[in-house]
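The values are calculated or read from the model by the stated rules, or taken from the named source; none is laboratory data. On a predicted model such as this, the values are computed, not experimentally measured, just so you know. Here the Cβ positions follow ideal geometry from the backbone for every residue, glycine too, while neighbour counts run over all protein chains shown.
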Amino acid sequence: MASTRLARELRSLRGQAGLSQEAVAEEMGWNESKLTRIENDKSRVLVRDVKRLLGLYKVEGDAADAMLELARLAREPDWWHQYSGAIPKWFQVYVVLEASASHVFQYEAEFVPGVMQTEDYTRAIMSTAPSADTDDEIADKVTVRAARQARLGGDDALEFWAVLNESVIRRLVGGRGVMREQIEHLIKLARLRNVTLQVLPFSAGEHGAMHGTFTLLKFRGADDPDKVYMEQQTSCLYIQKADEVDTYRLISDHLRARALDPNQTIEMLRAVAAELT
C-alpha cells in the first residue's frame, strides 16, 4: 500500500536527518499533530508538501524522485475502494494489512485460504453465506479475492506460508470437478518460490491450533509490529501485544513441525486429485 510505505519512509527520513517532529512541524507551519498523523498513515499528504519535507531532510536526486512518485501513487484511491460495498468494513482493514505485509503465515482448518482459491471454489463458498448476496455482489467479492492473489506474484511478491488441515483438501466444496481444479491450483501455487504449502494430516493427531484458525502477518518496518488476525462470521479480532503474538508464533512453528513437508504435501495433493478424477 503506497500510503503506508510513504508514511514509513517519511518517518525514517526525518529520523536520519536528526530532526524532531516539533522542529519539522514548525518549519512546515503545521501543528505537530498533523505531522504525527502523516507519519502514521492517518492523513494523506500533498505531493508539494512531500517535496518541501524532502528539502528539509536533504534528500536529492533519484531518492527524491522515487519519493515523489510514491507520494503521487499514495494520492490515488486503493484498488479495493471501488468494491467497498462488497467488503465489510472490518475486512477492509485486513486487506490493507495484507497489501503491506512482507510475510504471512496462515493456518486453515475448513477451507482454502482466500489468496489460494479458484474462482469456482470462491463462488461455492460464498453461495453458502446466510446473507444471500446478489449475483453482482458475489461477482464483486470474487473480483476482490482474485485481486488479492496478485500479491503472490510480481517483483514484490508476498512470502506466503500456509498449513492446511487435511479436512480442507478432503471436503468436496462445489463438487468433484470444482474441488479437483482447486487441488490442481494448490499444486501449482506450491511450486512458487515465495509460497510454502503444508498439509496437517489427520494422522498427526492432536495439535496446538485445535482452538481455531489464525493468520500471522509480518511487516518490513521495525516499528510496524507483527499482528495476528482471526476471522469470524461477522467480525474479526486483531492481536498485536508482543507476548500474545509470540504465542501464535510458537503455535505456527509447532504446526510446521507436525505437518507434512512441502514435497510430501504435493504428493498427497496429487493423490487427492487422482481420487477426484
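Here are the numbers for the structure shown:
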quantity: Residue check for residue 252: touching a helix residue (DSSP H, G or I) at 6+ places or on another chain (Cβ under 6 Å) and either hydroxyl-bearing (Ser, Thr, Tyr) or not assigned by TED's automatic domain parsing to the domain that holds residue 101 (or both); calculated: no
quantity: Qualifying positions in the range 96-122 - part of a helix (DSSP H, G or I), surrounded by 19 or more Cβ atoms within 10 Å (Cβ to Cβ) and of a type in the set (D, E, K, R); calculated: 98
quantity: Some residue of the range 247-270 being under 25 Å from residue 88 (Cα atoms), outside any loop (DSSP other than H, G, I, E, B) and within 24 Å of the chain's Cα centre (by Cα); calculated: no
quantity: Residues within the range 21-48 that are surrounded by 13 or more Cβ atoms within 10 Å (Cβ to Cβ), in contact with a helix residue (DSSP H, G or I) (Cβ under 8 Å, 6 or more places away or on another chain), of a type outside the set (A, V, I, L, M, F, W, C) and closer than 30 Å to residue 93 by Cβ, tallied; calculated: 9
quantity: Some residue of the range 3-24 being of a type in the set (Lys, Arg), in a loop (DSSP other than H, G, I, E, B), at pLDDT below 80 and in contact with a Leu (Cβ under 9 Å, 6 or more places away or on another chain); calculated: no
quantity: Where a residue in the range 49-78 is surrounded by 12 or more Cβ atoms within 10 Å (Cβ to Cβ) and at pLDDT below 90 and its partner, wherever it lies, is part of a loop (DSSP other than H, G, I, E, B) and aliphatic (A, V, I, L, M), with Cβ under 9 Å and at least six apart; calculated: 67/59; 71/45; 71/46; 74/1; 74/45; 75/45; 75/46; 78/1
quantity: Selection status of residue 241, free of Cβ contacts under 8 Å to residues at least 60 places away in the same chain and either within 30 Å of residue 13 (Cβ to Cβ) or surrounded by fewer than 19 Cβ atoms within 10 Å (Cβ to Cβ) (or both); calculated: yes
quantity: Residue ID - farthest from residue 99 (Cα to Cα), chosen from residues in the range 21-48 that are touching a Lys or Arg at 6+ places or on another chain (Cβ under 8 Å) and among the small types (Gly, Ala, Ser); calculated: 25
quantity: Hey, residue 153 over 15 Å from the mean Cα position of the chain (by Cα) and surrounded by fewer than 19 Cβ atoms within 10 Å (Cβ to Cβ) or not; calculated: no
